[in-house]
Amino acid sequence: MVRLRGIGAAVGPFLGGWLVDGPGWRWVFLLNVPLAVLCVPVALRHVPESGDGTAHGRFDVLGAVLGAVALALVTYALIEAGEGSAVVAVAAGAGLAAAVAFVHVERHRPDPMLPPAIFASRQFTAVNLVTLCVYAALGGFFFLSAVQLQVVVGYSALGAGTALLPTTVLMLLLSARSGQLAERIGPRIPLTVGPLLAAAGMLLMLRVGPGASYPADVLPAVLVLGLGLVTLVAPLTATVLASVDVSRAGLASGVNNAAARAAGLFAVAALPLLTGMGAEAYRSADAFDDAFGQAMLWCAGALAVAALIAFTTVRRPPPDCRRPECRTHGAVLAPPLEGERAAARLPAGPADPES
């Protein structure tokens, strides 16, 4: 299950291309409806509860509103920054103010939506930083590569989405084995090597220009990127979940998913600004090709930063520790959800150093 988020990011361009060439792009806003109808009853029936029994049923409305407003205003300001209008400046300032207010509210509420204490785990914080870098790069790559293949190479929307599909195939075939390997060697190496492989795939996309050949230019880049995602996605998600107490697995998953989605959102909004990709670039093959090359360099740089963070911060538990936390902190397949039953099966042992 931990690899489904990366598969979703990879299969998105294919589904989007099919919708653009078929029913119409507006149908993309209805994709979540059948998924929710399928997933909600399955989750209610089969997913075990990971809470600690202290839930009170109150919802942090103020925190949710402030978080949504901050994301919306900052994203709008990034998209419209090229206009340089006063409205953009006001939106940016208001978005940053809402973000500061969100942090203040969450720190002082007795029942926050995002308890700051969860970031006391250094591994949790570090791997979420890796998530931000990785999914910012992936968000920018999949969005801009699909457009590059259409505007510059001449593919249809469906053809562009299909061209990126080998990434999804690789993840479906190999992610489980990659997770098993990472379980044996620990998450540090996969979370270092995976982003570097994905960065290499993005740099290979610099060869994709006018008249590019799919077998010689596009496919090698997509395959190398896919191998990078196979290597890193399962360890990334599961290490985040395993770096907190079992009772907070749901909260950790929510934080990590929010970090991934926000990273992709900001990347898609910011990359055109960073590369000078104005509206006219989408109608000019030469202009878009130049901006796309700059964007791939930014994305590859973000992945290199992710690899550096992982290499310097991610660790596996000490080998002599026998507590349940030591069995799961740094695990890469999935966190345990059986709670006290898992603890009862383990003999007592010496405490491990603070993570």
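Has the range 107-127 got any residue that is at pLDDT 90 or above, open to solvent by less than 50 Å² (accessible area, probe 1.4 Å), touching an Asp or Glu at 6+ places or on another chain (Cβ under 9 Å) and of a type outside the set (Val, Ile, Thr)?
No, every residue in the range 107-127 fails to be at pLDDT 90 or above, open to solvent by less than 50 Å² (accessible area, probe 1.4 Å), touching an Asp or Glu at 6+ places or on another chain (Cβ under 9 Å) and of a type outside the set (Val, Ile, Thr).
For the range 215-229, give me each residue that is touching a residue at least 24 places away in the same chain (Cβ under 8 Å) and either of a type in the set (D, E, K, R) or open to solvent by less than 10 Å² (accessible area, probe 1.4 Å) (or both).
Within the range 215-229, VAL218, VAL222, LEU225, GLY226, GLY228, LEU229 meet the criteria.
Do we find that PHE119 is touching a Ser or Thr at 6+ places or on another chain (Cβ under 6 Å) and either among the charged types (D, E, K, R) or in contact (Cβ under 8 Å) with a residue 40 or more places away in the chain (or both) in this structure?
No: the conditions fail for PHE119.
Looking only at the range 174-206, count how many residues are open to solvent by 10 Å² or more (accessible area, probe 1.4 Å), under 17 Å from the mean Cα position of the chain (by Cα) and hydroxyl-bearing (Ser, Thr, Tyr).
1
Which residue pairs have Cβ atoms closer than 6 Å, lie 6 or more positions apart in sequence or on different chains, and pair a first residue in the range 124-135 that is under 20 Å from ALA300 (Cβ atoms) with a second residue that is surrounded by fewer than 23 Cβ atoms within 10 Å (Cβ to Cβ) and of a type in the set (D, E, K, R)?
none
Among the listed residues VAL255, VAL240, VAL268, VAL246, which satisfies the condition of being modelled with pLDDT under 80 and either touching a Phe, Trp or Tyr at 6+ places or on another chain (Cβ under 7 Å) or surrounded by fewer than 24 Cβ atoms within 10 Å (Cβ to Cβ) (or both)? Let's see the steps before the verdict.
On the way: VAL255 fails: modelled with pLDDT under 80; VAL240 fails: modelled with pLDDT under 80; VAL268 fails: modelled with pLDDT under 80.
Exactly one of VAL255, VAL240, VAL268, VAL246 is modelled with pLDDT under 80 and either touching a Phe, Trp or Tyr at 6+ places or on another chain (Cβ under 7 Å) or surrounded by fewer than 24 Cβ atoms within 10 Å (Cβ to Cβ) (or both), namely VAL246.
Go through (1) closer than 26 Å to THR313 by Cβ; (2) under 19 Å from the mean Cα position of the chain (by Cα) one by one and return the number of the condition LEU170 breaks.
(1)
The values are calculated or read from the model by the stated rules, or taken from the named source; none is laboratory data. The model shown is predicted, which means the values in this text are computed figures rather than measured ones. Cβ coordinates were reconstructed from backbone atoms using ideal geometry, including for glycine residues, and neighbour counts include every protein chain displayed. Ligands, DNA and RNA are stripped out before the accessible areas are found, and what is left, the full protein with its side chains, is counted by its heavy atoms. Shrake-Rupley method; radii C 1.70, N 1.55, O 1.52, S 1.80 Å.
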